[in-house]
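Enquirer: This is the structure, below, for whatever I ask next.
The values are calculated or read from the model by the stated rules, or taken from the named source; none is laboratory data. These numbers were taken from a predicted model, which means no experiment stands behind them. As a convention, Cβ positions derive from the backbone with ideal geometry for all residues, glycine included, and neighbour counts pool all protein chains shown. For the accessible areas, the whole protein counts, side chains as well, though only heavy atoms, and no ligand, DNA or RNA atoms are used. Shrake-Rupley method; radii C 1.70, N 1.55, O 1.52, S 1.80 Å.
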Amino acid sequence: MANIERSNIVYRLNSGRESYIASGGKLGRKKGSVKSTEQKKEEYKEVISLLKRGYSVRNTAKF
């Protein structure tokens, strides 16, 4: 009985998503909300150097 209810819920959610996308809706994160690896390396340059020197993660978090 619970399997039938679960499959009905999944079907309704998926059909709702499909109709939203069909009407022009967009899912997921906005463009530019995620930093590239190069941006992260530039921003956390000091932290990366401390970790490479052998400092613990806990000590680098204090800095």
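Enquirer: Run the simple label-point estimate for residue 13 and residue 31 please: 7 Å along Cα→C-beta, distance reported in nm.
Expert: About 2.9 nm separates the two model spin labels.
Enquirer: What accessible area, in Å² to the nearest ten, does a 1.4 Å probe give for residue 9?
Expert: Solvent-accessible area, nearest 10 Å²: 80 Å².
Enquirer: Charges only on Cβ, +1 for Lys and Arg, -1 for Asp and Glu: so what's the dipole of the chain about the Cα centre, in debye to the nearest 20? Walk me through the numbers on the way to the answer.
Expert: Values: 15 positive and 6 negative charges, 53 e Å.
Dipole about the Cα centre, nearest 20: 260 debye.
Enquirer: Now a separate question. Can you work out the accessible area per residue across the chain, with the rest of the protein chains kept in place, probe 1.4 Å, in square angstrom? Please report the intermediate quantities before stating the final value.
Expert: Details: 6360 Å² over 63 residues.
Per-residue value: 101 Å².
Enquirer: Can you list, bin by bin at 5 Å, the percent of alpha carbon pairs in the chain, starting at 0?
Expert: 3, 13, 12, 10, 9, 8, 8, 7, 10, 14, 5, 1
Enquirer: What does the charge add up to near residue 48, with Lys and Arg as +1, Asp and Glu as -1, over the other residues with Cβ less than 13 Å from its Cβ? If you can, show how the numbers build up before the last one.
Expert: Numbers: positive: 40, 41, 45, 52, 53; negative: 38, 42, 43, 46.
Local net charge: +1.
Enquirer: Sum -39500 (n - 2.57) across every DSSP H segment of at least 4 residues in the chain, then divide by the residue count to get the 222 nm mean residue ellipticity, nearest 500. Numbers along the way, then the final one.
Expert: Numbers: 4 runs with 43 residues, N = 63.
About -20500 deg cm²/dmol.
Enquirer: Next up: Counting only pairs 8 or more residues apart or on different chains, how many lysine pairs in the chain have their Cα atoms under 16 Å apart?
Expert: Working: 35/45; 40/52; 41/52; 45/62.
So the count of such lysine pairs works out to 4.
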